[in-house]
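Peer 1: Let me give you the structure first, and then I'll get to my questions.
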Amino acid sequence: MADSTNGESGIIAQYQTFLQDPEISTPVAIFKALTEFVRDNAAPTMSEFMETLEGAAQSIRDDSQKTRRTAQGQHKATIATLAGVDLFMRFVTRNAHDFSLSAKSFEDFKDHLLSRAALILEKAFTARIKTAEIGAEFVQDNSVILVHAYSRVVMSVLYHAANVQNKRFKVYVTEGRPNSEGLNAVKALREAGIPCRAILDSAVGYIVDKVDMVFVGAEGVVENGGVINQIGTYQIALVANSLGKPVYAVAESYKFVRVYPLNQYDLPAATPEIVSFTSRRKSFSSNGESETSLEATNPSVDYTPPQYVTLLLTDLGVLTPSGVSDELIKLYL
């Protein structure tokens with residue numbers, strides 16, 4: 001069997017290198033890293049190739065679990081990793097099946113796989129642009145918009161609406177605790193000439209009656225059309241829904257993932273310590289919880305059920321939450 005130990009350790013370094021690009025999302029970084037792994041893979045047979053590839057994919061999954069909470073501005077959600085790994089493994093499995101029905105050599109299969117991967121990556125890099133064009137159509141002139149923290153695809157929607165469609169609007173941005181990513185969004189929007197204000201996460205209920213619509217990003221879009229995103233998205237959707245404000249979830253199609261959470265505690269990530277208490281008295285006798293300990297014991301993402309999402313704005317077009325399962329079926333066939 002081909003020795004893949006160095007390959008599996010090297011893929012983590014390569015994956016982390018791709019993540020340093022602020023414009024590359026987690027699923028795309030994973031797809032790129034696994035493509036390079038295929039290019040360098042020396043396995044002589046299909047069975048050994050698939051075994052080493054699965055090992056590399058699992059090493060990325062394991063790394064995501066260990067480094068789920070990272071520094072400000074970096075990728076942090078396990079669901080995005082799952083989406084990226086599933087996307088690539090589905091792609092390889094489909095092509096492997098076609099290969100098994102042909103008389104081509106294993107090297108021909110690898111060449112075909114790499115050429116197809118290049119096309120998919122090219123499409124992935126344009127997905128955010130297409131999503132921005134579609135999402136900007138929902139930005140109304142002279143409207144007031146609420147966005148949650150910092151989302152690259154939501155920022156692209158706002159830029160397109162302002163700079164390409166020349167629409168005038170104002171934006172409220174939630175701070176996005178615990179790492180306050182929303183402040184980065186405010187800075188970027190002001191540099192783009194878009195009027196905006198930062199608000200506390202706890203002020204959403206106070207301000208939402210003043211907004212016309214809500215835009216949120218997504219780390220993952222699940223089978224039932226619900227959204228897994230930065231913590232706080234669920235409560236924003238709840239408040240907006242109660243006041244009749246539309247909630248638009250903006251996401252590229254490579255973030256669609258075959259997961260069906262039943263509740264907040266059924267996500268593909270470790271359940272945070274905040275949902276349980278210990279009976280030991282000493283755990284309540286500290287002088288207080290630091291910001292670091294709060295971040296470590298609280299969740300980084302939450303799940304917004306589909307009934308609180310008005311529409312999904314994607315590069316595939318405008319979808320109702322119920323339409324996500326149909327698109328997933330197409331992707332997996």
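Peer 1: Taking Lys130, is it of a type in the set (Lys, Arg), open to solvent by 10 Å² or more (accessible area, probe 1.4 Å) and more than 17 Å from the chain's Cα centre (by Cα)? Step through it out loud before you land on a result.
Peer 2: Values: of a type in the set (Lys, Arg): yes; open to solvent by 10 Å² or more (accessible area, probe 1.4 Å): yes; more than 17 Å from the chain's Cα centre (by Cα): no.
Answer is no for this residue.
Peer 1: Hey, another quick one. Go through region 19-53 residue by residue and tally those that are among the charged types (D, E, K, R) and open to solvent by 70 Å² or more (accessible area, probe 1.4 Å).
Peer 2: 4
Peer 1: Name the single residue, out of those in region 142-200 being among the β-branched types (Val, Ile, Thr), in contact with a Gly (Cβ under 7 Å, 6 or more places away or on another chain) and not in a strand (DSSP E or B), that is nearest to Ala127 (Cα to Cα).
Peer 2: Checking each candidate, the answer is Val153.
Peer 1: In region 172-189, what count of residues is obtained for those that are open to solvent by less than 20 Å² (accessible area, probe 1.4 Å), at pLDDT 95 or above and in contact with a helix residue (DSSP H, G or I) (Cβ under 6 Å, 6 or more places away or on another chain)?
Peer 2: Residues in region 172-189 being open to solvent by less than 20 Å² (accessible area, probe 1.4 Å), at pLDDT 95 or above and in contact with a helix residue (DSSP H, G or I) (Cβ under 6 Å, 6 or more places away or on another chain): 2 in total.
Peer 1: May I ask you to say which residue of Ser242, Ser286, Ser253 is at pLDDT below 95, over 18 Å from the mean Cα position of the chain (by Cα) and either open to solvent by 10 Å² or more (accessible area, probe 1.4 Å) or hydrophobic (A, V, I, L, M, F, W, C) (or both)?
Peer 2: Answer to the selection: Ser286.
Peer 1: Can you confirm whether Leu119 is more than 22 Å from Leu312 (Cβ to Cβ) and open to solvent by 30 Å² or more (accessible area, probe 1.4 Å)?
Peer 2: yes
Peer 1: In region 209-245, what count of residues is obtained for those that are in a loop (DSSP other than H, G, I, E, B) and of a type in the set (Gly, Ala, Ser)?
Peer 2: Let us first name the residues in region 209-245 that are in a loop (DSSP other than H, G, I, E, B), namely 211-212, 217-219, 222-226, 231-232, 243-245.
With the extra rule that they be of a type in the set (Gly, Ala, Ser), the set shrinks to 217-218, 225-226, 232, 244.
Counting residues in region 209-245 that are in a loop (DSSP other than H, G, I, E, B) and of a type in the set (Gly, Ala, Ser) gives 6.
Peer 1: Which of the residues belonging to region 190-228 are surrounded by 16 or more Cβ atoms within 10 Å (Cβ to Cβ) and over 21 Å from the mean Cα position of the chain (by Cα)?
Peer 2: The answer is Ile194, Cys196, Ala198, Ile199, Val204, Ile207, Val208, Val211, Met213.
Peer 1: Further, regarding this structure: Can you spot a residue in region 102-111 that is farther than 23 Å from Thr26 by Cβ, open to solvent by less than 30 Å² (accessible area, probe 1.4 Å) and within 25 Å of the chain's Cα centre (by Cα)?
Peer 2: No, there is no match, as no residue in region 102-111 is farther than 23 Å from Thr26 by Cβ, open to solvent by less than 30 Å² (accessible area, probe 1.4 Å) and within 25 Å of the chain's Cα centre (by Cα).
Peer 1: Also, quick follow-up: Would a scan of region 151-162 turn up a residue that is touching a strand residue (DSSP E or B) at 6+ places or on another chain (Cβ under 8 Å), open to solvent by less than 40 Å² (accessible area, probe 1.4 Å) and more than 26 Å from Ile24 (Cβ to Cβ)?
Peer 2: no
Peer 1: Please work out if Ala13 is open to solvent by 30 Å² or more (accessible area, probe 1.4 Å), small (Gly, Ala, Ser), out of contact with any Leu (no Cβ under 8 Å at 6 or more places or on another chain) and at pLDDT 85 or above.
Peer 2: In short, yes.
Peer 1: So which of Tyr303, Tyr248 ends up being assigned to a strand (DSSP E or B), more than 20 Å from Ser64 (Cβ to Cβ) and at pLDDT 80 or above?
Peer 2: Tyr248
Peer 1: Name every residue in region 92-117 that is assigned to a helix (DSSP H, G or I) and either polar (S, T, N, Q) or free of Cβ contacts under 8 Å to residues at least 40 places away in the same chain (or both), in order of residue number.
Peer 2: If the condition is that a residue be assigned to a helix (DSSP H, G or I) and either polar (S, T, N, Q) or free of Cβ contacts under 8 Å to residues at least 40 places away in the same chain (or both), then Thr93, Arg94, Asn95, His97, Asp98, Ser100, Glu107, Asp108, Asp111, His112, Ser115, Arg116 are the ones that fit.
The values are calculated or read from the model by the stated rules, or taken from the named source; none is laboratory data. Values in this document were obtained by computation on a predicted structure and should not be read as measured data. No Cβ is skipped: glycine too gets one built from the backbone with ideal geometry, and neighbour counts run over all protein chains shown. The protein model used for the area step is the full one, side chains on, heavy atoms only, and it has no ligands, DNA or RNA in it. Shrake-Rupley method; radii C 1.70, N 1.55, O 1.52, S 1.80 Å.
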